[in-house]
Amino acid sequence: MPLPAEILAGVIARWVADPESDVVYSELLEGRWAARMRQSVREATTVWWSAGERSVKAEAYLFPAPARQVEEVYRFCLARNAGTWRSRIAVDREGDIVIRARVANEQVTAAELDRVLGEIYELVELTFPTLVRLQRSG
């Protein structure tokens, strides 16, 4: 049975090779995969993937730390989390808004990684425009 890191590498290579995929580029940098996908609400999103001892993790930058309407931004993000299964909106160490996902190693399959990527894509599509509007209107 392949290791989670091998499954992850194979899935990312398949995404990049598939002309129907929105993933247009990938690179292994310092032990993490960067997979860049096209988006309709912004040019692209890079999802950083890493295979650890217990899980495969994914993280994508969504938006800078809010400068205005901070409470509304966080309320919106928390409400958006209620509709997700594998991914969550979070705040990183610098205060920026990110999307994080984690899959236990025993559940890592190509299909599950496809679902995680799809959910990250959808979260960006559904969340980014509202975050932009909240920062412009505040």
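Key figures for this structure:
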item	result
Every residue from the stretch 108-127 that is open to solvent by 20 Å² or more (accessible area, probe 1.4 Å) and over 23 Å from V16 (Cβ atoms)	L126
In the stretch 17-45, residue farthest from the chain's Cα centre (by Cα) [restricted to those that are crowded, with 16+ Cβ neighbours inside 10 Å and β-branched (V, I, T)]	V23
The stretch 59-71 - residue that is of a type outside the set (A, V, I, L, M, F, W, C) and surrounded by 15 or more Cβ atoms within 10 Å (Cβ to Cβ) and, of those, nearest to the chain's Cα centre (by Cα)	E59
Tally of residues being within 16 Å of E72 (Cα to Cα) and touching a Leu at 6+ places or on another chain (Cβ under 9 Å) across the stretch 107-138	3
Answer residue from the stretch 90-107, given it is over 27 Å from Q135 (Cβ atoms) and either within 11 Å of the chain's Cα centre (by Cα) or without any contact (Cβ under 8 Å) to a residue 12 or more places away in the chain (or both) and is surrounded by the fewest Cβ atoms within 10 Å (Cβ to Cβ) among those	E106
Residue selected from the stretch 80-89 under the condition of a type in the set (A, V, I, L, M, F, W, C) and open to solvent by 60 Å² or more (accessible area, probe 1.4 Å), by the criterion farthest from L8 (Cα to Cα)	A82
The stretch 69-128, residues that are among the hydroxyl-bearing types (S, T, Y), in a helix (DSSP H, G or I) and out of contact with any Pro (no Cβ under 9 Å at 6 or more places or on another chain)	Y121, T127
Which listed residue is assigned to a helix (DSSP H, G or I) and surrounded by 15 or more Cβ atoms within 10 Å (Cβ to Cβ), from V11, V56	V11
Single condition C77 does not satisfy, out of (1) within 12 Å of the chain's Cα centre (by Cα); (2) open to solvent by less than 20 Å² (accessible area, probe 1.4 Å)	(1)
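The values are calculated or read from the model by the stated rules, or taken from the named source; none is laboratory data. No experiment lies behind these values; they were computed from the predicted model shown. Please note: Cβ atoms are built from the backbone with ideal geometry, for glycine as well, and neighbour counts cover all protein chains shown. To get the accessible areas, we keep the full protein, side chains included, count just its heavy atoms, and leave off ligands, DNA and RNA. Shrake-Rupley method; radii C 1.70, N 1.55, O 1.52, S 1.80 Å.
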